[in-house]
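Here the structure comes first, spelled out in structure tokens, and everything after it is commentary.
Computed from the coordinates by the stated procedures, all read-outs in this text should not be read as laboratory data. These figures come from a predicted structure and were not determined experimentally. Cβ coordinates were reconstructed from backbone atoms using ideal geometry, including for glycine residues, and neighbour counts include every protein chain displayed.
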């Protein structure tokens, strides 16, 4: 295994949204959707980004691709500075980083034939034409397990799982190296989830793809990914390799998340701890450590000071005062 | 591999599907058929005017003036002895031509403006829509009047005037769905795939907002015809002796009680076509209704 | 000495009209809900679990659907045969239901205090002040913080988890015998889900209720259920006490389902997907409905199997499979 630099490096990514709220005197509230997010994805690796709603994981996936323009931070793809690219260079880079969406019913243009939707990216980037193009479309469909006749149909003629496959095929059409998968199986039935997960993994092996796998489902992430970062209110609170992260979570939030994730084993229910509190709003994070109001180990320090990031070796890192003596 | 996924549901080819939906929509609103047939008949009459007209619409027969309907003059004659039927038929040509072209222009230009405003948003959007609002605040007749008064009454200017009044509504009707469609995941996918803005708008957004524009088009065609007739009625339309429905009504006004048929024929014609277009509009609205189709993204 | 069950569903068949013909969405559903028990109905979309619950409460829209056969015995009445007026008295009072989407299940223009009190005013004939006092009590029981101050707040001022608690409060206002919960935690974050599940379990104990919990998530089911009924294509294919079901999943579908779920507590490289798709309601196979996708399919599976006891397991453990359970003779 040649030790190269990581495929993707994200450092200190920040994205703020301004919202005007309130009547009759509207106040501008800043929502810190991403507040200093750093991680790396190695070549051929699937890296997970987990958290609950409002943690910023979807924003992170889009921001690194510049589908949303970040406000601060650095993104490097094979060493190249992504944020500094001009429009033409960005367009070329777009081939290398693709995205698969959560909602199979919204991710395909309902008015476009599947075959045209798959051919278009290749045509736009000058990858193929004419008969070669049609051949490639057929090959893509076959790769995701759909028959060639699918090219002549409209999205609404397919089930959710099939549409998801079409979305994956579309992303593959430009031969990307990194795929940002934003909850790709969350909207699918359980038995279809497995089909799509197996497909994604097969593609990872066959094409040497790397993934940024955004999900709220720890079980799926554990199976699919080699490493994971846990997000809370726009920040990463813990990062490390799998399965260690879920076998021995260090950050109290990771522990909470792990304990709350249901397991298909009735004897495991004894460990379901009492979990307090709500996920706070990203517009008004608690002072100090964001998690302290819900943390069973909260100390005085936690209410005042946000914990610094600590690298603990073996690829693990955490932002928690418990590890900061 | 295919066995794992099952077969996509067997479906008829796309053209047949659209046709079937069209029939479903129009069968739900049976009056739409009436509208469609009526409109087709009028359009046919207009196209075949030289064949269907019994006389030269400009030919004056002073001796036969102000006659009621007869065998020779199906709808009678006007104050200059001209055959009303022939004038009506040629007037249809003009009305449909002016109405059709102006609405076509308005549809293209207005939709483009609305789409651009909705797609880019921000200050461009605000600026464009404010201009549209200014135009909208003029009643269509007044606006048409102003243009014709300033530029003179010719067919071209009339078309321009009517198009101008119709552009803002089309801009509005194109902007709203653009704003919602552009948020959809599949548009984000287009951006992720590096498509240019014009491509996204033309290939991906336009087909999804086109149905609304089409419905609007059919309804505004009726309005355009009415505006043209109104302008002709007040004397700002196409100059006589060219027959226009509005002009014919005006001419008939002078002796409205004695020679009522002079104004009646063109009035009924306008009524019929406006009615027909509205009925078509009802059918089209159902045809494009996403709930009936069940396939609209999102 | 067994107590009479709180609810007894016998041979329930609900049909929907598709393309002019009636098709059974659920067929011959049999189960008893014991007192103080949580029975989980688990299956994927289209299996009929929600339709079962809606049928119990008579909420199937009359235009498109009907209960074609079966009895639903509750407190001496057959709910399937009861007229609308009597059903209305039962709904919200003796049997209550909570739904998946708290945003759309609460009326956005009415305060939560109003909505919770409404059930009390309608079913118990309470006056406004009394109903309001009761509503406050229940809202505190579902652990809405500062309930007194928030009685006059609107649904949009609450988070998803809180709204779900309000919905639970509404359902439990009249202390019903049975609670039907249709995927109540599916739309919630995982930590909030844990809180709500715990709350439901506690309230169930407190009120001595029985609960039918509908879910597609086997993990959630393992957490909360006493007994589990697995549904596929409109039928119950396996029913067992929760430990029995997870210890020895018998029906091939149950087994396949468990093997297709990635687990957070285990590292396993094998994930086995179930090939094919659920058959559509108007194209059901004649024999065993799962047979087309089943790896154990045999000739006899062309006949529709009945629920039969699973050999070597508790007598309450039944599966609908010729090969794995019961009289293939």
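Among DSSP beta bridges whose residues both lie in chain C, state the antiparallel percentage, nearest 5.
Values: 28 of 47 bridges.
Just about 60 percent of them are antiparallel.
If you take the alpha carbon radius of gyration of region C:173-329 and divide it by 2.2 N^0.38 Å, what ratio comes out, to two decimals? Intermediate values should be presented prior to the final figure.
Values: Rg = 17.3 Å, N = 157, 2.2 N^0.38 = 15.0 Å.
Ratio of Rg to 2.2 N^0.38 Å for region C:173-329: 1.15.
Fewest first, what order do B:128, B:162, C:144 take by the number of other Cβ atoms within 10 Å? Intermediate results must be reported in sequence, preceding the final value.
Details: B:128 18, B:162 30, C:144 21.
Going from least to most buried by this count: B:128, C:144, B:162.
Quickly work out the residue C:201-to-residue A:149 label distance, labels modelled 7 Å from Cα along the C-beta direction, and quote it in nm with one decimal.
The answer from the label model is 5.0 nm.
Calculate I(q)/I(0) for region A:27-132 by the Debye formula, one identical point scatterer on each C-alpha and no solvent, and give its log10 at q = 0.14, 0.15, 0.17 Å⁻¹ to two decimals.
Log10 of I(q)/I(0), two decimals: -0.76, -0.86, -1.05.
Please compute the average number of Cβ atoms from other chains found within 10 Å of each residue's Cβ in peptide C:158-168. Write down the numbers at each step before the final one.
Numbers: counts 1, 6, 3, 3, 1, 0, 0, 0, 0, 0, 0.
Averaged over the peptide's residues, the number is 1.
How shielded is C:271-282 by partner chains, expressed as the average number of their Cβ atoms within 10 Å of its Cβ atoms?
Partner Cβ neighbours, averaged per residue: 5.
Label points 7 Å out from Cα along the Cβ direction at residue B:199 and residue C:10: separation in nm?
According to this spin-label approximation, the distance is 6.7 nm.
When B:215, B:131 are ordered from fewest to most other Cβ atoms inside 10 Å of their Cβ, what list results?
On the way: B:215 21, B:131 15.
Ordered from fewest to most neighbouring Cβ atoms within 10 Å, B:215, B:131 come out as B:131, B:215.
I need the peptides C:11-18, C:26-33 ranked by packing, meaning the mean over residues of other C-beta atoms within 10 angstrom, with the highest value on top.
Working: C:11-18: 17.8, C:26-33: 20.9.
Packing order, densest peptide first, comes out as C:26-33, C:11-18.
How big is the Kirkwood radius of region C:33-190, worked out from every pair of different alpha carbons and given in Å to one decimal? Working shown, then result.
Numbers: mean 1/r = 0.0600 Å⁻¹.
The answer is 16.7 Å.
Quick one: if the Förster radius is 45 Å, what FRET efficiency do residue A:30 and residue C:101 give, using the C-beta to C-beta distance and rounding to 0.05?
Numbers: r = 29 Å, r/R0 = 0.65.
It comes to 0.95.
For an R0 of 41 angstrom, estimate the FRET efficiency from the Cβ-Cβ distance between residue C:133 and residue A:297 and round to the nearest 0.05. Show your work: numbers first, answer last.
On the way: r = 39 Å, r/R0 = 0.95.
The computed FRET efficiency comes out at 0.55.
Taking neighbour counts of Cβ atoms within 10 Å as a proxy for exposure, in what order, fewest first, do B:125, A:324 appear?
Ordered by Cβ neighbours within 10 Å, fewest first: A:324, B:125.
In vacuum, with every alpha carbon of chain B counted as one equal point scatterer, what does the Debye formula give for log10 I(q)/I(0) at q = 0.07 Å⁻¹? Two decimals, please.
Results for chain B at q = 0.07 Å⁻¹ read -0.36.
Taking each pair of different alpha-carbon atoms in chain C once, compute 1/r for the pair, average those values, and report the inverse of that mean as the Kirkwood hydrodynamic radius in Å to one decimal. Before the final figure, lay out the partial values.
Details: mean 1/r = 0.0478 Å⁻¹.
After inverting the mean inverse Cα-Cα distance, the result is 20.9 Å.
In deg cm²/dmol, rounded to 500, what helix-only [θ] at 222 nm does chain B give when every DSSP H run of at least 4 residues adds -39500 (n - 2.57) and the total is split over its residues?
On the way: 13 runs with 209 residues, N = 298.
Computed mean residue ellipticity for chain B: -23500 deg cm²/dmol.
Can you check what the Kirkwood hydrodynamic radius comes to for region C:129-243, Cα pairs only, in Å to one decimal? All intermediate terms of the calculation are to be shown ahead of the outcome.
Numbers: mean 1/r = 0.0653 Å⁻¹.
Averaging 1/r across every pair of different Cα atoms and inverting gives 15.3 Å.
Given the rule -39500 (n - 2.57) for each run of at least 4 DSSP H residues, summed and divided by the residues of chain C, what is its mean residue ellipticity at 222 nm, to the nearest 500 deg cm²/dmol?
Details: 11 runs with 102 residues, N = 329.
Rounded to the nearest 500, the figure is -9000 deg cm²/dmol.
What average count of beta carbons from other chains do you get within 10 Å of the Cβ of residues in A:211-222?
Details: counts 0, 0, 0, 0, 0, 2, 6, 5, 7, 5, 2, 7.
The per-residue average across the peptide is 3.
Sort A:142-150, C:239-247 for me by packing, meaning the mean count of neighbouring Cβ atoms within 10 Å per residue, highest on top.
Working: A:142-150: 19.1, C:239-247: 21.3.
Top of the packing list down: C:239-247, A:142-150.
Looking only at chain A, where both bridge partners belong to it, what percent of the DSSP beta bridges are antiparallel (to the nearest 5)? Could you put the intermediate results ahead of the total?
Numbers: 30 of 48 bridges.
So the antiparallel bridges amount to about 60 percent of the total.
What length, rounded to one decimal in nm, is gained on full extension from residue A:90 through to residue A:16, with 0.36 nm per residue of separation minus their alpha-carbon distance? Write out the running numbers ahead of the final one.
Details: separation 74, 0.36 × 74 = 26.64 nm, distance 2.22 nm.
Result: 24.4 nm gained on full extension.
As a test of the formula, what do you get for chain A when each DSSP H run with n ≥ 4 contributes -39,500 (n - 2.57) and the sum is divided by the residue count, at 222 nm and rounded to the nearest 500 deg cm²/dmol? Don't skip to the end; give the middle numbers.
On the way: 10 runs with 97 residues, N = 325.
Using -39500 (n - 2.57) per qualifying helix, the result is -8500 deg cm²/dmol.
Report, for the protein assembly as shown, the % of DSSP beta bridges that are antiparallel, rounded to 5.
Numbers: 59 of 96 bridges.
If I count the DSSP bridges inside the protein assembly as shown, around 60 percent turn out antiparallel.
Can you pull the one-decimal nm distance between simple spin-label points at residue A:206 and residue A:311, each 7 Å off the Cα toward Cβ?
Spacing of the two 7 Å Cα→Cβ label points: 3.8 nm.
Roughly what % of Cα-Cα distances in the protein assembly as shown sit above 48 Å, to the whole percent? If you can, show how the numbers build up before the last one.
Details: 175535 of 452676 pairs.
Roughly 39 percent, once rounded to a whole number.
Please work out, to two decimal places, the log10 of the ratio I(q)/I(0) at q = 0.19, 0.25 Å⁻¹ from a Debye calculation in which every Cα of region B:60-142 carries one identical scatterer.
The calculated log intensity ratios at q = 0.19, 0.25 Å⁻¹ are -0.87, -1.09.
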